[in-house]
Structure formats: C-alpha cells, structure tokens
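The values are calculated or read from the model by the stated rules, or taken from the named source; none is laboratory data. This is a predicted model, so every value here is computed, not measured. Every residue, glycine among them, receives a Cβ derived from its backbone with ideal geometry; neighbour counts consider all protein chains shown. Note: areas computed on protein heavy atoms with side chains; ligands, DNA, RNA excluded. Shrake-Rupley method; radii C 1.70, N 1.55, O 1.52, S 1.80 Å.
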Amino acid sequence: MSRQPSTREELYERIRNSSKDEVILEEMVRLGFWPAASGQPGDPGDEIRRRGELQRKLNDLRTKVSRLYNEQQLISDQRKQRLAESRRKRQETKERRERERQQKAELWRQRKEREVLYLGDGVSGGLLERKTDQARLVGGGLPVLAGPEAVAASMGITVGALRFLAYSRRVSRISHYRRFSIPKKTGGRRLISAPMPRLKAAQRWILENILERVPVHEAAHGFLERRSIVTNAVPHVGADVVINLDLKDFFPTVTYERVKGLFVSLGYSESVATVLALLSTEPEVAELELDGNSYYAAQGPRHLPQGSPASPAITNLLCRRLDRRLQGLARKHGYQYTRYADDLTFSARGMVSTRSSEVGRLLRGVADIVTHEGFEVHPEKTRVMRRGRRLEVTGIVINDKLSVDRKTLRRFRATLFQVERDGPEGKRWGESKDLMAALLGYASFVAMVDPQRGRPLISRVRAVHRAHGYQPAAPKRRAAPPTAASTAPSSPARDTTASVPTPDRDPDPTPPPGKKKKKWKLW
C-alpha cells in the first residue's frame, strides 16, 4: 500500500511516474474507499493499474528513443561508463600491485637473511658467480666455501653481520677502523688503521683458515712462523756488498682488485673472493661533521690497511711472483736475495761485489721487475753498502756475525746502570713513556740477535723490575676465531722469534734509541 505524499512535488512525481487515475485509485485504496483487489472480472481498478503499467513502459521506451537520437547524451553516458570501469580497474590494479609489492618485499627480506646479493656500488657485480674450483681448494688444504653464506657460517656470524662488515660505502656514519698515526723513520706521520673487534675477528679468521695455509716464497721472512728479522739477515752475514731497497707505499699499492684476484687464484668463486677482499681492504677516509653528525667519506680506492692482521700475509702471497723473479735476477748476477715486508735486500761476496757495473745492472733489473709487478722502488731509500763500514739488514749488523749497533748497546748499558743505581725517576729510553717496558724490549731485541749478550741484560732488567715492584703487562693472546663450522687448528704467531707489538695493543711502540721503529715492526 502506498503512503500519503508529504509534499506537492512528491505527489506530482507519483503522477508523472504512473497516471492521475492510478494515483487516485491508490489513495482510495489507502483511505479504505476501494478494495485492494476485488477479484471480480472487469474490475475498473485492475484496468487502471494495467493502464498505468503500460504507461510506464511507454515512458521508458520514449526515454530510450530520445536517448538514441541524442548523440551527445550517448557519448556522455558511454564516457561515464568507461570512466567508472577504468576507475574500477585502476583500483583493482593498485590493490594487486600493492599485494605483489608486499610479497616481493617479504621474499626479498627473507632472501637477504639467507644470501648476500649486494655490497655496494662497483663491487657487487660478481656476487651471483658461485663457480668454485673445489679440487684446487681441497688440494691446498683450504676450506671449501660455496658462497658468502658459507663464509658467514664458517666465521660464526649471521649473513646480516657479514654484510654489515663487508659493505662498501662511499659515505657512511660508521667506521670499522680506529685510525691514528705514528712517526716515520724518515719524518712525517704514518697512518695506522686498527680494525674494530668484530672486523678484526673476521680478518683473523681469514688469516688463520686461508692465508696461513698457502705457502709463500722462501725469500720472504716477514710475519711468518719460524722466520723473523734474524732469519732475514742470516743469508747476508759476511757479505762484501749489501743493497737495501724499499717499496714505496707498500700497503696502499695493494688495491681491492688485486686482493680479490688473489682469492680467485686460490680457487674461490668471485662471490666469495669479493666478500673476503672487502673484509680485508678499506679506503682512505675523511671525517666530516654535518648537523652534529659525523660522516666518513671515502677519498680513494680500497686498499690494504696498515693495522689489519691479514694485510701482511696477503702481501706475502701477492709478492710470490715478485720474490721468484727477484731471486732469479739475484742469482743471475751472483747475489743473495731476501725480503722482509717492503724491505728488499741483496748481497754478494767475492769478485762480484767489486764490480760497480754489476750493481747498476742489478738495480735497473730490480726496478723493472718491481714496476712490472705493480709496485715502486722508493727513490730515497736505496742504499749500497760495502765492507769497511757498518753493514745493516733490517736493523741488524751483519759484518761478520749477527750483532746490534755497538754505540746503541753502550748507551743502553749506561742507562740500565743509572736505573740500577739511582732508580727510574727522570730516566728515559727511546720514545716510550714506559721506561721499564722499553728496557725489557731492547734487552729482548739484543737477546734475539745475540743471545750471549742479551740474556744477561734481560736478567738485569728483570732484577730492576723486581726491585721497583714493576709488573709488565701480560701479552694479549690472539683471540680465538669465531668459527662454528671450521675445524682448522689455530696457527701460531707469524713471527715467534721477535716480540713485536701490534697497534691495538701498544699504540706507542718503543724502538731502540737512534733507530726508530720501522714499518715492518708495527704488527
């Protein structure tokens, strides 16, 4: 039953939608003046309703006909329909893409937790190359690492931690190194980059599980087990001529690309070599302040840092061909050859040593080989010493036997006597602020070179320690590598015959007076 119209407009709308007679009939039915359905044939109400229904259909047909002949209206309706459909499809596409984006983001997050896929601009190209020369690795006794994930597992760290340590950033708010400088022997300052504990542990794992298992050339004596400055000097004892050369900017010359190539040559895939090389190298950085925050901006390519426990071993392996070629050149001219880090030493005896032309040819050949191998001879640190003056190799006098400088030894004995007589107040030895440690250090150095002279000196120094209640600091043990999968035994120290401080343990190393600490004594 229809309701009573509340306004005149509503009444007119009802009449337009049906007919006047039908509205009157509905009102009569509503008010009770006419039955809703009499059921009698020929009922006028049914006829009125039928006529109203036909009228409505006719109105609909007229509306459709009018629209068919109204082209602008048809175009407008079609545009509205297409616009609505387009909006619907756009909304569906937007929702679908958002779902896909979230799914991809979740898959990428899960994959990043399992894999190393990107480590910075310019270094990530080979991270998907996983081809490993397993036969070479097994034959060399090296751990087989299928990818960066295996590196992380062997080091006992997560993939995220490995990515954090190896990521190459041009500008960063963090630094994995503590940088300080020490005086150079020839003046100026030398930058030392000491790795932070987590990175240092990773570098030690590389050193102990990979680098120390690869044999080096017999001419190398630096940072190796059972080799030292003493073994480096022994082949030259009693020589008639000694030639000392120095490689300029030794560690900065060894770039990231060369270190990566070394690990590839050992049999590792490019992805593993990339991670190991990034862990072993770092660029020079400038520390900047901006809006109260510190930033570290890279100033050049990545290279071996002076201060990393892995750097010396990497240089020894990279110099294998250099050592082989220089030894061949030395033998050709009748010379002996040894190398301690960046110090090259040649010596000869007999008639060979008297020919100056032979020395010149040797020096030219050395310069050519060194340049071809990617290094440079320091022009200001080449010395040719002949018998009749003090011959010295890596700080050890070698004229007739291994010995230390007599003048320095006499000054040390005088200082030690004054300390024994008057006490340590006001006394100083070398550049160290710790007099007692400096005295023990030099006495140990003498004992290493000449045990007959050195052992009594050590006894006297220890007696001074006891008399004044001095307790020398216990040397720090090498931290055990954080390995979970590797079963490789720990290797001993690289130079067991010399007591050589490392930058993170002794930032103020104590050289003997008159001989500042050389670069090869920093680790």
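Over 31 Å between Cα atoms: which of Lys381/Lys433; Lys104/Lys200; Lys184/Lys332; Lys200/Lys407; Lys112/Lys260 fall into that group?
Table pairs above 31 Å Cα-Cα are Lys104/Lys200; Lys184/Lys332; Lys200/Lys407.
Restricting to the chain, compute how many DSSP beta bridges are antiparallel as a %, nearest 5.
Around 95 percent of the beta bridges assigned by DSSP in the chain are antiparallel ones.
So how tilted is helix 356-372 from the main axis of the chain? Cα-based, degrees 0 to 90, rounded to 10.
Tilt of helix 356-372: around 10 degrees.
Using a 1.4 angstrom probe with every protein chain in place, what is the largest-first accessible-area order of Ser66, Ser311, Ser175?
Ranked list, largest accessible area first: Ser66, Ser175, Ser311.
Tell me, what is the percent relative contact order of segment 214-327, built from C-alpha pairs under 8 Å that lie six or more residues apart?
Contact order relative to length: 31 percent.
Where does segment 96-155 land on Rg(C-alpha)/(2.2 N^0.38 Å)?
Output field value: 1.52.
What number, in percent, do you get for the relative contact order of segment 1-109 if the mean sequence gap of Cα pairs under 8 Å and at least 6 apart is divided by its residue count?
Contact order relative to length: 19 percent.
Longest exposed-loop-site-free stretch of the chain, with GluC sites (Glu not before Pro), DSSP loop and at most 12 other Cβ within 10 Å?
The longest uninterrupted stretch comes out as 1-217.
Going by alpha carbons, how many degrees (0 to 90, nearest 10) lie between the helix axis of 256-265 and the longest principal axis of the chain?
The helix 256-265 is inclined about 80 degrees to the chain.
List the aspartates and glutamates whose Cα lies under 15 Å from the Cα of Lys94, skipping any in the same chain that are fewer than 8 positions away.
Glu85
Mind running the shape call on segment 82-236? Use the C-alpha gyration tensor, a ≥ b ≥ c as the square roots of the eigenvalues: rounded below 1.5 for a/c, prolate if a/b tops b/c, oblate otherwise.
prolate
Working from Cα positions, state the angle (0 to 90°, nearest 10) between the long axis of helix 270-280 and the longest principal axis of the chain.
It works out to around 60 degrees.
What whole-number distance in Å separates the alpha-carbon centres of segment 407-428 and segment 270-348?
39 Å
How high is the relative contact order of the chain, given as a whole-number percent (alpha carbon pairs under 8 Å, six or more residues apart)?
Rounded, it is 17 percent for the chain.
Between segment 349-377 and segment 170-217, what is the C-alpha centre distance in whole Å?
Cα centroid to Cα centroid, the span is 32 Å.
In whole percent, how big is the carbon plus sulfur part of the accessible area of the chain, probe 1.4 Å, protein atoms only?
52 percent
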